[in-house]
Amino acid sequence: NAGVMQNPRHLVRRRGQEARLRCSPMKGHSHVYWYRQLPEEGLKFMVYLQKENIIDESGMPKERFSAEFPKEGPSILRIQQVVRGDSAAYFCASSPNPSWSYEQYFGPGTRLTVT
Amino acid sequence: GESVGLHLPTLSVQEGDNSIINCAYSNSASDYFIWYKQESGKGPQFIIDIRSNMDKRQGQRVTVLLNKTVKHLSLQIAATQPGDSAVYFCAEKKANAGGTSYGKLTFGQGTILTVHP
């Protein structure tokens with residue numbers, strides 16, 4: 001049973017470019033969370049999505065960041081016009097119905113470097 | 001403000017010793033707590049969890065203790081091994097109003113555990 005998959009694992013972008021990060025949840029999971037981790041810090045919640053719905057985006061910056069989880073395909077975290085401060089590790093987690101289990105399974109992360 | 005924090009940022013132990021990693025939380029509305037282990041370059045790995053209606057839970061070589069009176073959470077690792085070296089995070093989930101129960105987690109800063117052979 002494959003775990004949460006994220007790609008790319010490493011992404012380098014120049015300032016002003018767009019970054020697209022992909023997350024495929026575990027089989028059977030329809031709930032996806034995105035977190036950002038700066039060096040030597042804990043993970044910070046960004047957004048929670050269910051299939052085709054954004055449930056909570058309280059941790060998302062107001063501009064340049066967007067997320068989606070279409071009916072078919074992976075969840076996408078999109079960062080437009082990246083700046084150096086966007087450099088971080090971005091982790092995706094998935095869970096089954098959170099009414100049954102709160103446990104979240106994390107992917108290996110995408111390390112974004114903005115030059 | 002609401003936060004989850006750790007008392008000790010680093011912990012060094014000898015192989016075979018028991019390790020205790022502590023975590024303080026400030027949100028009394030939290031109803032679920034998790035400990036994660038993160039190795040360098042990897043995503044967080046679930047270790048053990050506990051709900052707020054419990055004060056102790058045991059797994060394989062690990063025990064989590066929850067003291068709601070002083071809002072304190074700890075992770076005990078028995079017979080620590082070099083493979084246990086990693087950063088350990090506690091995380092909390094706040095009970096949601098209106099009966100919703102989605103699992104947005106708030107993470108602490110982390111404790112670096114180093115196990116010396």
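The values are calculated or read from the model by the stated rules, or taken from the named source; none is laboratory data. If you're wondering where the values come from, they're calculated on a predicted model, not measured in any experiment. Note: ideal-geometry Cβ built from the backbone for every residue, glycine included; neighbour counts use all protein chains shown.
Checking each residue in region A:92-113 for being of a type in the set (A, V, I, L, M, F, W, C) and either in contact with a strand residue (DSSP E or B) (Cβ under 6 Å, 6 or more places away or on another chain) or within 8 Å of chain B (Cβ to nearest Cβ) (or both) picks out A:92, A:93, A:106, A:112.
For region B:30-63, the set of residues classified as of a type outside the set (Ser, Thr, Tyr) and more than 30 Å from residue A:88 (Cα to Cα) consists of B:51, B:53, B:54, B:55, B:56, B:57, B:58, B:59, B:60, B:61, B:62, listed by residue number.
Within region A:37-58, if we keep just the residues that are farther than 25 Å from residue A:73 by Cα and of a type outside the set (A, V, I, L, M, F, W, C), the residue that is surrounded by the fewest Cβ atoms within 10 Å (Cβ to Cβ) turns out to be A:39. Checking each residue in region B:48-58 for being more than 11 Å from every other protein chain (Cβ to nearest Cβ) and part of a strand (DSSP E or B) picks out B:56, B:57, B:58.
Restricting attention to region A:13-45, the residues that are away from every other protein chain (no Cβ under 12 Å) and part of a strand (DSSP E or B) add up to 6. Residues in region A:19-32 that are modelled with pLDDT under 95 and of a type in the set (Ser, Thr, Tyr): A:30 only.
Being buried (at least 20 other Cβ atoms within 10 Å of the Cβ) and away from every other protein chain (no Cβ under 14 Å) is true for just one of B:65, B:75, B:105. Which residue is that?
Working: B:65 fails: buried (at least 20 other Cβ atoms within 10 Å of the Cβ); B:105 fails: away from every other protein chain (no Cβ under 14 Å).
Just one listed residue meets the conditions, B:75.
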